[in-house]
Amino acid sequence: MNLGGAVVTKTAIEKTAIAIAAIAALTAAPVSATAVLAADMAVKAPAAAGCVPAVDGVNGKLGGFGGETGGKTYAAGEGAIDLPLGCAFGAQIDAVAGGFDDRFIGTVAGHLFWRNPAQGLLGAYGDFTAWSQFGGVHAAHVAPEGEAYLGRWTLQGVAGVEFGNSQSGTVGPIIQTYNVRTRFFDQVNLGFYVTDNVEIYAGHRDLGGLNAAAFGAEWGIPLGRDMMAGLFAEGQVGARPANAAWGGLRLYFGQKDKTLIRRHREDDPPIWNNGSNAINNNGSQAPAPPAAPSCTPPLTLVNGRCVAL
């Protein structure tokens, strides 16, 4: 199958089908426990007659972060806007833009989902990243997205198909190639809210064909006026190109003051793609061929030697 110029492999399709079934299962599991979870008012939306909104009014976040991925420095800004689509459905558009290894990088992503804040989320996700290295390296992801809310625990993730292009360039004596192949990818987190405003999580990343364990945290600081500041950090440990660490600050805004756990479950899904991982993980190097010999006129190259004719 051809998808945006990339050939989607049978293996990637099979893994994506399995991922869809798994994400559907994790969002279905909490349904039988809804009555029990509804009593946990500290971490759930207030009870409401009829449908509980998937998105609690127009809301969003703005932030910035910096760090290192695969030995390359990275600094960028992020933003997201969420919109309710009727009662049970919602949409989010998010974007990241900044500098990665002294080159511009930008990502845009979209989420379309059903959500019940007492149960979970099920939807579709897609993103596209462009890095200006060597004329433009591109990576994209398409996947189902799911979340399950289990008291103070949240299981969430995206898993599907990664694809992109290939670009090469000479850097000193090395030919550097970035080849974003069509393959399976996933990003999964298991989070726990230590308090209503502090989350810690551990997860898995399979990006650019490399696996890494992920660990992170966020601390929400109420500001009043329907806003909250969030200090966040994440580290990834795996094969060297997948090693990463970054941290930053974001500002949440919405319709009312609320805790971090409620903002995560009633307002905006995560910004999954910070831009760098899938692109950086696909790098490879090879020695550049030696420069062709040349002679300064009036000498002429004959059988590899400069001679006067």
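Scanning segment 194-205 for residues that are under 14 Å from Y149 (Cβ atoms) and over 21 Å from the mean Cα position of the chain (by Cα) yields one hit, D196. Being among the β-branched types (V, I, T), in contact with a Leu (Cβ under 8 Å, 6 or more places away or on another chain) and more than 25 Å from T107 (Cα to Cα) is a condition met by at least one residue of segment 144-161. Could you look through segment 108-149, keep only residues that are surrounded by fewer than 18 Cβ atoms within 10 Å (Cβ to Cβ) and in contact (Cβ under 8 Å) with a residue 40 or more places away in the chain, and pick out the one that is farthest from the chain's Cα centre (by Cα)? Filtering segment 108-149 for residues that are surrounded by fewer than 18 Cβ atoms within 10 Å (Cβ to Cβ) and in contact (Cβ under 8 Å) with a residue 40 or more places away in the chain, the one farthest from the chain's Cα centre (by Cα) comes out as F134.
Taken as a whole, the condition of being out of contact with any His (no Cβ under 9 Å at 6 or more places or on another chain), buried (at least 19 other Cβ atoms within 10 Å of the Cβ) and of a type outside the set (G, A, S) does not apply to E68.
Working only within segment 86-118, note down all residues that are assigned to a strand (DSSP E or B) and of a type in the set (D, E). Once the filter is applied, which keeps residues that are assigned to a strand (DSSP E or B) and of a type in the set (D, E), segment 86-118 yields only D94.
Candidates are the residues of segment 41-70 that are at pLDDT 85 or above and not in a strand (DSSP E or B); the one that is farthest from P269 (Cα to Cα) is C51.
Within segment 230-243, being over 19 Å from G191 (Cα atoms) and either at pLDDT 95 or above or surrounded by 17 or more Cβ atoms within 10 Å (Cβ to Cβ) (or both) holds for G238, P241, A242.
Looking at (1) among the polar types (S, T, N, Q); (2) surrounded by fewer than 24 Cβ atoms within 10 Å (Cβ to Cβ); (3) more than 25 Å from G50 (Cα to Cα), which is the one condition that is false for T154? Answer for T154: the failing condition is (3).
To keep it simple, each residue is scored yes or no on (1) within 27 Å of D101 (Cβ to Cβ); (2) of a type in the set (G, A, S); (3) free of Cβ contacts under 8 Å to residues at least 24 places away in the same chain; (4) in contact with a helix residue (DSSP H, G or I) (Cβ under 8 Å, 6 or more places away or on another chain).
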position: P173; (1), (2), (3), (4): yes, no, no, no
position: R181; (1), (2), (3), (4): yes, no, no, no
position: L190; (1), (2), (3), (4): no, no, no, no
position: Y193; (1), (2), (3), (4): no, no, no, yes
position: G209; (1), (2), (3), (4): yes, yes, no, no
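Annotation: Q176 fulfils all but one of (1) within 27 Å of G64 (Cα to Cα); (2) in a strand (DSSP E or B); the unmet one is (1).
Consider segment 90-107 and keep the residues that are in contact (Cβ under 8 Å) with a residue 60 or more places away in the chain and crowded, with 23+ Cβ neighbours inside 10 Å. The one that is nearest to E78 (Cα to Cα) is V96.
The values are calculated or read from the model by the stated rules, or taken from the named source; none is laboratory data. All of these numbers come straight from a predicted model, not from anything done at the bench. For neighbour counting, all protein chains shown are included, and Cβ atoms are generated from backbone atoms with ideal geometry for every residue, glycine included.
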